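The values are calculated or read from the model by the stated rules, or taken from the named source; none is laboratory data. In this text, all values refer to a predicted model and were calculated from it rather than measured experimentally. Quick reminder, even Gly has a Cβ in these numbers, built from the backbone with ideal geometry, and neighbours come from all protein chains shown. In case anyone asks, the SASA skips ligands and DNA or RNA and just uses the protein heavy atoms, side chains included. Shrake-Rupley method; radii C 1.70, N 1.55, O 1.52, S 1.80 Å.
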Amino acid sequence: MSAEPGFVGAVADPLPAPPPAAANGAIFQQASGYAALTSGMRASMKGDIITILLVENTSASKSNSASKDRGGSISLNPPTTGLLSLFSPSDVATSGSQNFSGTGNASQSNSLQGQVSVTVAESYANGTMLVRGQKMTSLNRGDEHVQFSGLIRAIDVSSDNTIPSTKVANARIIYGGSGEIASASKQGWLQKFFSFISPF
């Protein structure tokens, strides 16, 4: 599993504590946990938790076809007298034809549904936030993990601190698993070798 900033192996790095706010004489300090009444309890600061609603659905299809047909014939009638009378009409007749047809189709579809809670790693002045997190599930026959990171707008976060994955910019979703079930769905090394050298 590839790692990215904020991930070490399969475990997310803990976020460092925010630096203390500089004293500016104000009653309410942003770093102390104060949020404006207009924003309610929406996550907006580093370390806050947001739930990503995974609603990824993609599909693609492509098809093409081509056909070609070409034909021609030549026929000459030799004279009935003289030296050329030795040839019959079938001896000086020729014909040919050429045909080609081809079709191709390709289709692919993917779907990912679920939820994963992430934390705000960075909060920027333009109202966007970098979020990052993961979920790991250990089952009796293997493990599954989901890693998520991306940029979101604070205005897109709902009142219950959820946001659909379709509104995440630069989203990176990694879903994988390990164990008996995952191993059973893969080819063995010997079968991979024969599949590689087989011309069919």
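A few remarks follow.
- Relative contact order (percent, whole number), the stretch 115-159, Cα cutoff 8 Å, 6+ residue spacing: 35 percent
- Stokes-Einstein diffusion for the stretch 92-156, with the hydrodynamic radius set to the Kirkwood value over Cα pairs and evaluated at 4 °C in a medium of 1.567 mPa s, equals 74 µm²/s.
- Ligands, DNA and RNA left out, the 1.4 Å accessible surface of the stretch 115-160 is 47% carbon and sulfur atoms.
- Phi angles across the stretch 47-62 convert, under the Karplus curve 6.51 cos²θ - 1.76 cosθ + 1.60 with θ = phi - 60°, into 3J(HN,Hα) values of x, 5, 9, 10, 9, 8, 8, 6, 10, 8, 9, 10, 8, 8, 8, 8 Hz, Gly and Pro given as x.
- Rolling a 1.4 Å probe over the protein heavy atoms gives the stretch 89-166 an accessible area of 61 Å² per residue.
- As a calculated quantity, the FRET efficiency between I155 and I49 at R0 = 22 Å, using C-beta atoms, amounts to about 0.75.
- Loop trypsin sites (Lys or Arg not before Pro), the stretch 120-178, which have at most 12 other Cβ atoms in a 10 Å radius of their Cβ (DSSP): R141
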